[in-house]
Amino acid sequence: MGAIAKNIRAHKALIGEGVKMAVMVKANAYGMGAVEVGRWLEARGLADYLMVAYVDEGVALRRADVGLPIMVLSAEPHAFGACIAMDLEPILYSASHIAVFIDAWQQQGAPERRVHIELNSGMNRLGLDRDEVESVGRLLKRHPQLRVA
């Protein structure tokens, strides 16, 4: 844990004040225990966000009373309900993915919700393509309670 703290402090010194720090705890914090690492980071104020690969990893952190915002890299549509119920912040990567999330969110009657939007930056794996950005912007404007974090 001391090495983690040292690394985070070194990165924070490089990026400066006012920049948030997200710490990856997917895959059980790479074998170190996501719950233990998440609680430890939160107690020391070393992370602004935790990041997980899948919704079930975020659910485990929430069930362990980890209160930091949790970003989900690969939120699958079948898990959107749990994502919403447990206040997890999915990364949404296409117009259809966003539309399915909005449907799930509206069905649950959840209050304001934070999401992250992935843009295709050239790797052509996931993310909104340039021609989708405008239509997604209009879609998000129709749902102002859905906050792009």
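With the structure loaded, tell me whether Asp129 is of a type in the set (Asp, Glu), surrounded by fewer than 17 Cβ atoms within 10 Å (Cβ to Cβ) and either in contact (Cβ under 8 Å) with a residue 24 or more places away in the chain or within 30 Å of Arg9 (Cβ to Cβ) (or both) or whether it fails that test. Talk me through it step by step, then tell me what you get.
Working: of a type in the set (Asp, Glu): yes; surrounded by fewer than 17 Cβ atoms within 10 Å (Cβ to Cβ): yes; either in contact (Cβ under 8 Å) with a residue 24 or more places away in the chain or within 30 Å of Arg9 (Cβ to Cβ) (or both): no.
So Asp129 fails the test.
Would you point out the residue of segment 74-91, among those that are without any contact (Cβ under 8 Å) to a residue 60 or more places away in the chain and in contact with a Lys or Arg (Cβ under 8 Å, 6 or more places away or on another chain), that is surrounded by the most Cβ atoms within 10 Å (Cβ to Cβ)?
Looking only at segment 74-91, we keep the residues that are without any contact (Cβ under 8 Å) to a residue 60 or more places away in the chain, and these are 74-88, 90-91.
Applying the additional criterion that residues be in contact with a Lys or Arg (Cβ under 8 Å, 6 or more places away or on another chain) yields 84, 86-88.
Working: Ile84: 21, Met86: 18, Asp87: 15, Leu88: 26.
This residue is Leu88.
For His11, are the conditions met, namely being farther than 25 Å from Pro144 by Cα and either open to solvent by less than 10 Å² (accessible area, probe 1.4 Å) or in a helix (DSSP H, G or I) (or both)? Break it down stepwise before answering.
Values: farther than 25 Å from Pro144 by Cα: yes; either open to solvent by less than 10 Å² (accessible area, probe 1.4 Å) or in a helix (DSSP H, G or I) (or both): yes.
Against the criterion (farther than 25 Å from Pro144 by Cα and either open to solvent by less than 10 Å² (accessible area, probe 1.4 Å) or in a helix (DSSP H, G or I) (or both)), His11 qualifies.
Got at least one residue in segment 140-148 being under 30 Å from Ile4 (Cα atoms) and touching a residue at least 12 places away in the same chain (Cβ under 8 Å)? Scanning segment 140-148 turns up at least one residue that is under 30 Å from Ile4 (Cα atoms) and touching a residue at least 12 places away in the same chain (Cβ under 8 Å). If only residues of segment 31-59 that are aromatic (Phe, Trp, Tyr) and within 17 Å of Val72 (Cβ to Cβ) are counted, the one that is least open to solvent (accessible area, probe 1.4 Å) is Tyr49. Scanning segment 89-143 for residues that are at pLDDT 90 or above and at positive phi gives a single hit, Gly127. Look at (1) outside any strand (DSSP E or B); (2) within 22 Å of Gly127 (Cα to Cα); (3) open to solvent by 20 Å² or more (accessible area, probe 1.4 Å) and you find that Met71 fails only one, number (1). Within segment 98-120, count every residue that is free of Cβ contacts under 8 Å to residues at least 12 places away in the same chain and loosely packed, with under 10 Cβ neighbours inside 10 Å. Qualifying residue count, segment 98-120: 1. Residues in segment 28-62 that are under 16 Å from Lys12 (Cβ atoms), small (Gly, Ala, Ser) and touching a helix residue (DSSP H, G or I) at 6+ places or on another chain (Cβ under 7 Å): Ala47 alone.
The values are calculated or read from the model by the stated rules, or taken from the named source; none is laboratory data. Just so it is clear, the structure is predicted and the values come from calculations on it, not from any experiment. Please note: Cβ atoms are built from the backbone with ideal geometry, for glycine as well, and neighbour counts cover all protein chains shown. The area values use the complete protein model at the heavy-atom level, side chains included, leaving out ligands, DNA and RNA. Shrake-Rupley method; radii C 1.70, N 1.55, O 1.52, S 1.80 Å.
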